[in-house]
Every structure is written in structure tokens, then in C-alpha cells.
Amino acid sequence: MIDRTSFAPFVFVEHDDPPVRDCGGRSRPRYGLLLHGVDMERAVATLARAGVPCDGDGWNDLAERLARRELPDEVDLLTFDSDAETFAVTGDRSEPLRALGKQLGAAYRDLLRTPTRLRSRDRY
């Protein structure tokens with residue numbers, strides 16, 4: 001299942017098949033919250049027009065801060081695995097990812113209205 005609207009521009013992914021184990025020493029988590037490809041390009045361009053540079057690493061930093069503040073009991077269940085071109089947070093439970101997706105989607109909309117908020121570490 002892929003949900004492109006609930007947490008836009010972030011995409012929530014649920015793998016229907018069981019997680020793959022021992023695949024090159026790694027396992028694939030059941031759930032993911034992603035921003036990459038065309039979606040990432042649009043988000044970066046939109047925020048750049050508002051004067052806010054933000055790539056996958058920037059979203060990762062914001063997501064970790066939000067999760068530590070808002071989901072302190074569940075943050076250790078999430079894996080933050082982003083790079084400059086792709087934002088990715090994964091886990092084996094959907095609830096923490098959905099909660100984080102809701103917050104990130106709201107932060108994105110908030111940044112469009114007030115871009116200086118990203119520059120203020122105490123806001124997010």
C-alpha cells in the first residue's frame with residue numbers, strides 16, 4: 001500500500017509481504033515514510049523559492065528532532081536513513097511513522113507559510 005496524500009509531500013509505504021530477513025545481513029522493514037525523486041525535487045524547489053534550503057539530510061534532522069520531542073517512547077523504533085537526495089524513515093510499526101508523517105506534513109505546510117521557522121532550531 002502506498003499513501004501519497006495523508007502526509008504530503010511525504011509518502012507512506014506499507015509492504016504487504018512479510019519483511020525479508022537475512023537479505024545481505026539486513027532486513028527490510030514493513031513500513032516507510034519517504035520523500036524522494038520527483039516528490040523531493042518539488043519539495044526542495046518549493047522551499048527554495050521560499051528561501052529555505054532543505055534536502056533529504058535536512059528533513060532527516062528535522063524528523064529526528066520532532067520524533068525525540070513528540071514520540072520519545074517510540075523514537076528508538078524508527079530508523080532514520082536519509083541522504084541528500086532521499087528522505088527515509090522506516091520501522092516495523094505503522095503508528096510512530098504515521099504520527100511522524102502527520103507532523104512532517106504539517107511542518108512542510110507551516111514552512112511554506114513562514115519559511116524562517118526552519119532557521120529557528122527552537123521551533124522544530
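The values are calculated or read from the model by the stated rules, or taken from the named source; none is laboratory data. Source: prediction; values computed, not measured. Cβ atoms come from the backbone with ideal geometry, glycine included; neighbour counts cover every protein chain shown. For accessibility, only protein heavy atoms count, side chains too; no ligands or nucleic acids. Shrake-Rupley method; radii C 1.70, N 1.55, O 1.52, S 1.80 Å.
Here the spin labels are modelled as points 7 Å beyond Cα on the Cα-Cβ line, and at Ala45 and Asp73 they lie 4.3 nm apart. Each principal axis of the Cα cloud of the range 39-99 was taken in turn, and the coordinate range along them, longest first, works out to 36, 19, 16 Å. Gain on full extension, evaluated as 0.36 nm per residue between Ala99 and Glu14 minus their Cα-Cα distance, stands at 29.1 nm.
Among the protein heavy atoms, those of Glu95 account for about 100 Å² of accessible surface (1.4 Å probe, every chain in place).
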